[in-house]
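See structure below.
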Amino acid sequence: MKDFLRLYDFSRSQLEAILDLADQLKADRQAGREHPLLKGQSLGMIFAKSSTRTRVSFEVGMYQLGGEALFLSSNDIQLGRGETIADTARVMSRYLDGIMIRTFSHSDVVELARYASIPVINGLTDLHHPCQVMADLQTIREEKGHLEGLKLAYVGDGNNMANSLLEGCAVCGVNIHVATPFNYKPDPQVLEDARQAAKLNGSAVIWSESADEAIADADVIYTDTWVSMGQESEKQERIRVFRDYQVNRERMKLARPDAIFLHCLPAYRGYEVSEEIFEGPQSRVFDEAENRLHAQKAIMVSLMNPEYALFE
Ligand code: CP
Ligand code: NVA
């Protein structure tokens, strides 16, 4: 496995191996044990969209692993002036040991990975956000002790988060119920692939329009912004369409009493989630944000240190 582009590319045992390593790196860090597993290596981080968590956690993660990270705004490199992805990939492969990219089109990331001879990690595209879901799965395992057989409800927009959660849950044996308005369903191919993966892993994949049905008896309630990066011009229309999809106290009552609330952040209180739930006792959003660091360090080590390579 050279790249980390979408979770459907991985088997359950591979994702679990990354999560186990993430737990170990987190425990090391808490105990003050250093782990320079990528000593002397360099990661290029290409950003065509804004970021707080992804940028800071990858940069700090590389530092903690004994390497370094370079922030490359796509506006400042020649890619932004029309140099091709193929040429950028081949040039960067001569200097760096890995590339993390956050951009719009998923096919651009696939092309970058095709031409790069070094690992490429997807730090969010319009279609997927796999690094976030690894942190989410780590958080759920910490809270519930296991993944298999749990029910996760995703409520809101059928966006990159919905797509990656569908894949991550299906591969790891978590039942997932996604509730979105009819015209804002997850990607149809992702939904189909998730159904195939779920069949192999004994879990269920359900889409419906009903947020209440999704949340009923769920162990994990997840939502994301109604207006993703690049959709700013649709903001008013989206607020109107999604207004009945808020995660609030009434809705949370339908979930299991020990259910937790997750959100990839940034969050917009009063829209996709009420202030009360976001700040309430069931919310684990800041543990989840912290786990971006540990999960991504595990991803980088698995791709960039041959001793930790993922085998099937
Ligand atoms: N959740 C997430 O990816 O956050 P950033 O956009 O801040 O990186
Ligand atoms: N769906 C959001 C996730 C941000 C981390 C977006 O793409 O903007």
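Looking across the range 54-81, just one residue is assigned to a strand (DSSP E or B), of a type in the set (Gly, Ala, Ser) and surrounded by fewer than 22 Cβ atoms within 10 Å (Cβ to Cβ), and that is SER73.
Is one or more of the residues making up the range 27-37 assigned to a helix (DSSP H, G or I), without any contact (Cβ under 8 Å) to a residue 12 or more places away in the chain and under 18 Å from the mean Cα position of the chain (by Cα)? Even if it seems obvious, please write down each step before you answer.
Of the range 27-37, the ones assigned to a helix (DSSP H, G or I) are 27-31.
Subset that is without any contact (Cβ under 8 Å) to a residue 12 or more places away in the chain: 27-28, 30-31.
Going one step further and asking which of them are under 18 Å from the mean Cα position of the chain (by Cα), we end up with none.
Checking the range 27-37: not a single residue is assigned to a helix (DSSP H, G or I), without any contact (Cβ under 8 Å) to a residue 12 or more places away in the chain and under 18 Å from the mean Cα position of the chain (by Cα).
Given the criteria away from ligand 1 (no atom under 16 Å from the Cβ), at negative phi and surrounded by fewer than 23 Cβ atoms within 10 Å (Cβ to Cβ), does GLU167 qualify? No; evaluated as a whole, the condition is false for this residue. The residue pairs whose first member lies in the range 48-59 and is touching a residue at least 60 places away in the same chain (Cβ under 8 Å) and under 22 Å from LEU79 (Cα atoms), whose second member is within 9 Å of ligand 2 (Cβ to nearest atom) and aliphatic (A, V, I, L, M), and whose beta carbons are closer than 6 Å, counting only pairs six or more residues apart or on different chains, are LYS49/MET229. Condition check: within 25 Å of the chain's Cα centre (by Cα), surrounded by fewer than 13 Cβ atoms within 10 Å (Cβ to Cβ) and of a type outside the set (A, V, I, L, M). Does THR84 satisfy that? Taking the combined requirement at face value, the residue does not satisfy it. The set of residues from the range 274-289 being in a loop (DSSP other than H, G, I, E, B) and within 16 Å of ligand 1 (Cβ to nearest atom) comprises just one member, ARG284.
Considering each residue of the range 91-147, count those that are among the polar types (S, T, N, Q), out of contact with any helix residue (DSSP H, G or I) (no Cβ under 6 Å at 6 or more places or on another chain) and assigned to a helix (DSSP H, G or I), and give that number. Matching residues across the range 91-147 total 3.
Comparison of SER11, SER51 shows that the only residue that is of a type in the set (Gly, Ala, Ser), within 17 Å of the chain's Cα centre (by Cα), surrounded by 13 or more Cβ atoms within 10 Å (Cβ to Cβ) and away from ligand 1 (no atom under 16 Å from the Cβ) is SER11.
The one condition from (1) among the β-branched types (Val, Ile, Thr); (2) closer than 27 Å to ALA197 by Cα; (3) touching a residue at least 40 places away in the same chain (Cβ under 8 Å) that THR125 does not meet is (3).
Which of the following residues is among the β-branched types (Val, Ile, Thr) and closer than 16 Å to ALA298 by Cβ: THR125, THR103, THR139?
Values: THR125 fails: closer than 16 Å to ALA298 by Cβ; THR103 fails: closer than 16 Å to ALA298 by Cβ.
None of the others qualify; the one that does is THR139.
Looking at this structure, is TRP226 within 16 Å of ligand 1 (Cβ to nearest atom), modelled with pLDDT of 95 or more and over 30 Å from GLY40 (Cβ atoms)? Spelling it out, TRP226 is indeed within 16 Å of ligand 1 (Cβ to nearest atom), modelled with pLDDT of 95 or more and over 30 Å from GLY40 (Cβ atoms).
The values are calculated or read from the model by the stated rules, or taken from the named source; none is laboratory data. Values in this document were obtained by computation on a predicted structure and should not be read as measured data. When we count neighbours, we look across all protein chains shown, and the Cβ atoms used for this are built from the backbone with ideal geometry, even at glycine.
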